[in-house]
1. Starting at the first residue of the range 14-22, write each ³J(HN,Hα) from the Karplus equation 6.51 cos²θ - 1.76 cosθ + 1.60 with θ = phi - 60°, in whole Hz, x for Gly and Pro.
2. For helix 68-77, report the angle its Cα long axis makes with the longest principal axis of the Cα atoms of the chain; keep it between 0 and 90° and round to the nearest 10°.
3. When the helices in the chain are scored as -39500 (n - 2.57) per DSSP H run of 4 or longer and the sum is shared across all residues, what 222 nm value do you end up with, to the nearest 500 deg cm²/dmol?
4. For Ser9, Ser54, what's the largest-to-smallest order of accessible area, 1.4 Å probe?
5. Relative contact order for the chain using alpha-carbon pairs under 8 Å, separation at least 6, rounded to a whole percent?
6. Taking the Cα centroid of the range 24-75 and of the range 80-94, what is the distance between the two, rounded to the nearest whole Å?
7. What nm value, rounded to one decimal, do you get for the distance between Val48 and Arg89 when each label is placed 7 Å out toward the C-beta?
8. Between the helical axis of 82-92 and the dominant principal axis of the chain, each derived from Cα atoms, what acute angle in degrees is found, rounded to the nearest 10?
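The values are calculated or read from the model by the stated rules, or taken from the named source; none is laboratory data. From a predicted model like this one, the values you see are computed outputs, not experimental measurements. A quick note on method: Cβ atoms are made from the backbone with ideal geometry, for glycine too, and the neighbour counts reach across all protein chains shown. Each accessible area value is taken on the protein alone, full model and side chains, heavy atoms only, with ligands, DNA and RNA left out. Shrake-Rupley method; radii C 1.70, N 1.55, O 1.52, S 1.80 Å.
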Amino acid sequence: MATKEKRFSYHWGSGVVAEEAQVQGPYHVPTLQLLKYTEGDAAGSMSVRFCHYSHRGGFQRSPLIMGPEEMNAMRDALEETPELLELLRCMVGS
């Protein structure tokens with residue numbers, strides 16, 4: 001069964017979630033997403049979204065909070081998302 005493509009939309013553009021790293025936390029599912037804009041003013045650009053989902057799979061509209069255990073697990077999950085990992089490395093300088 002094919003995985004359904006995740007889409008997003010903001011006032012400045014919309015597109016697809018090209019890569020996603022997730023970990024199961026005790027309270028929520030911390031998630032980092034590589035957003036690729038395909039339409040609107042931002043078409044052709046990329047962004048990183050720091051977000052989280054409920055354990056039932058619902059997108060949460062509140063800040064992402066991660067503890068040390070979740071950060072360690074996220075580091076491992078990012079190994080499966082090469083473009084997202086590269087953008088995050090630009091942010092931290094390594």
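1. The phi angles translate into 9, x, 10, 7, 6, 9, 8, 10, 9 Hz.
2. 50
3. Taken over the chain, the calculation gives -6500 deg cm²/dmol.
4. On the way: Ser9 90, Ser54 35 Å².
Correct descending sequence by accessible area is Ser9, Ser54.
5. Working: 154 pairs, mean separation 21.9, N = 94.
Value for the chain: 23 percent.
6. 14
7. Between Val48 and Arg89, the label points sit 1.2 nm apart.
8. For 82-92 against the chain, the angle is about 80 degrees.
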